[in-house]
1. What is the spin-label model distance, in nm, from Ser112 to Thr74 if the labels are put 7 Å beyond Cα along the C-beta direction?
2. Can you match Rg and Dmax of the Cα atoms in Å to one of these, (1) 18.0, 66; (2) 15.9, 47; (3) 17.1, 51, based on a calculation from the structure here?
3. Express in whole angstrom the spacing between the alpha-carbon centres of region 57-113 and region 4-26.
4. Using +1 at the C-beta of Lys and Arg and -1 at the C-beta of Asp and Glu, which of Pro44, Ala31, Ile16 has the Cα lying farthest in the positive direction of the dipole of region 15-54?
5. Mind listing which GluC sites (Glu not before Pro) in region 88-165 are in a DSSP loop and have 11 or fewer other Cβ atoms within 10 Å?
6. Mean separation of Cα pairs under 8 Å and 6+ residues apart, divided by the residue count of region 10-196: what relative contact order is that in percent?
7. Rounding to the nearest 20 debye, state how big the charge dipole of region 10-196 is about its Cα centre with +1 on each Lys and Arg Cβ and -1 on each Asp and Glu Cβ.
8. For the charge dipole of the chain, defined by +1 on Lys and Arg C-beta atoms and -1 on Asp and Glu C-beta atoms about the Cα centroid, which residue among Leu105, Leu142, Phe128 has the Cα displaced farthest towards the positive pole?
Amino acid sequence: MTSVLGLAPVVPVVVIEDPVDAVPLARALVAGGLPAIEVTLRTPGALDAIRAVAGEVPDAVVGAGTVITPEQVTLAVEAGARFLVSPGWTDVLLEAMRGSGVPFLPGVSTTSEVVALLERGVREMKFFPAQAAGGTAYLKSLSGPLPQARFCPTGGIGPDSAPEYLELPNVGCVGGSWMLPAEAVAARDWARIESLARAAAGLSAGGTCR
């Protein structure tokens, strides 16, 4: 795998409170057509969740999100993460992600950050927080002067706004958690999550990510 952007139109952004839920949740997402799963490193059990999915759900492409330190890069990859996502970046973090051996999406929210990454040879990025940072209008404005940059917008995106992002030529996929409503996760309603994942997987024209 050389790119995160072509796996599916939507990358579920998952916060796992109980690692026991990781495998059935991942199976539901994969069954619904969303194989790329970003498990955020926001909870104590996140690495255990990544490890469980990597070991027990072979059709899932599990990654680590909210990666903000080189140490997290190492721990995530050791746990089985196959891609990395950060909310922002520094040269130190970027160097660690480059050395990880897996694809990564450093986070940006300004034109200067995009240009700085392009200077460093990085063309695929996370646009975060997408809605708050200007949404589709901002990304559309970037596509003219910086057509070589491609994005996975994340932050405040739902089923109604996702198609608007996916129509943009510089958007490869979007990240979101609307297919993982808190009450469904708490109730372990995996059938509902699978259904919502299936709807999300079909959002872009033709049902695939550009």
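1. Computed distance between label sites Ser112 and Thr74 equals 3.2 nm.
2. (2)
3. 15
4. Ala31
5. Details: sites: Glu95, Glu113, Glu119, Glu124, Glu164; in loops: none.
Hits after loop and neighbour filter: nothing returned.
6. Relative contact order of region 10-196: 19 percent.
7. Working: 12 positive and 20 negative charges, 77 e Å.
Dipole size: approximately 380 debye.
8. Leu142
Every read-out reported here was derived from the displayed coordinates using simple, explicitly stated rules and does not represent laboratory data. Keep in mind it's a predicted model, so treat the numbers as computed, not measured. With ideal geometry, Cβ positions are generated from the backbone for all residues, glycine too; neighbour counts draw on all protein chains shown.
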